[in-house]
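Structure, as structure tokens:
The values are calculated or read from the model by the stated rules, or taken from the named source; none is laboratory data. Since we're looking at a predicted model, the values are computed, not measured. Neighbour counts are summed over all protein chains in view; Cβ atoms, including those assigned to glycine, are modelled from backbone coordinates with ideal geometry.
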Amino acid sequence: MPMGEFGRFAGDLVSAKARLRAKVIPIAIFQQNPAILRKVFSAMAHIVTQPCVGCRYTDCVVVCPVECFYEGEKMLYIHPEECIDCEACVAECPVEAIFHEDNVPEDWKDYIEMNAEMAAKSKVITEKKKPLADS
Ligand code: SF4
Ligand code: SF4
């Protein structure tokens, strides 16, 4: 390989590594200190809304890097102090129940407070479960 080409190849490798590091390190830090870093970066939360009621396929919980889903009787909730806004769960939800706090549809705004209240008194869920019988 000519020297110029080798230089470009080596440069590409270095920048690919830097990009990877930039993505991976913050997630590792968030996993250790989600509450502190949420405060530092003033992160908002993602919210589980009405379409999750009676559904609970739980596809969302397995992709969450900080394990901030909590299991209620009829739906799941996201703990707003723990969510790092990575958006990984949004695409996993088959019924489009998860929204960024800023984008929750008007009719479902109540779910913002409900997620905070219910997550605080529910049990964390980290593994996929069978859906409810009526799902
Ligand atoms: S994938 Fe969607 S509907 Fe299923 S439990 Fe998660 S938020 Fe609820
Ligand atoms: S956006 Fe979803 S996957 Fe990411 S931290 Fe919040 S709840 Fe977990």
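Which one of Lys130, Lys109 is modelled with pLDDT under 95 and more than 10 Å from ligand 1 (Cβ to nearest atom)? Steps first, answer last, please.
Values: Lys109 fails: modelled with pLDDT under 95.
Testing whether each residue is modelled with pLDDT under 95 and more than 10 Å from ligand 1 (Cβ to nearest atom) leaves just Lys130.
Return a yes/no flag: does segment 63-80 have any residue that is at pLDDT 55 or above and assigned to a helix (DSSP H, G or I). Break it down stepwise before answering.
Keep residues of segment 63-80 that are at pLDDT 55 or above, which gives 63-80.
Then keep just the ones that are assigned to a helix (DSSP H, G or I); that gives 63.
Yes; the residues of segment 63-80 include at least one that is at pLDDT 55 or above and assigned to a helix (DSSP H, G or I).
Tally the residues that are more than 14 Å from ligand 2 (Cβ to nearest atom) and either over 17 Å from Met44 (Cβ atoms) or basic (Lys, Arg) (or both), restricting the search to segment 81-105. Can you show your working first?
If we filter segment 81-105 for residues that are more than 14 Å from ligand 2 (Cβ to nearest atom), which is where we start, we get 94-95, 105.
The next check asks that each one be either over 17 Å from Met44 (Cβ atoms) or basic (Lys, Arg) (or both); those that pass are 94-95.
Looking only at that region, the number is 2.
Select from segment 60-80 the residues that are near ligand 2 (Cβ under 10 Å from one of its atoms) and closer than 15 Å to Lys130 by Cα and list them in ascending order.
Correct list: Cys60, Val61, Val62, Leu76.
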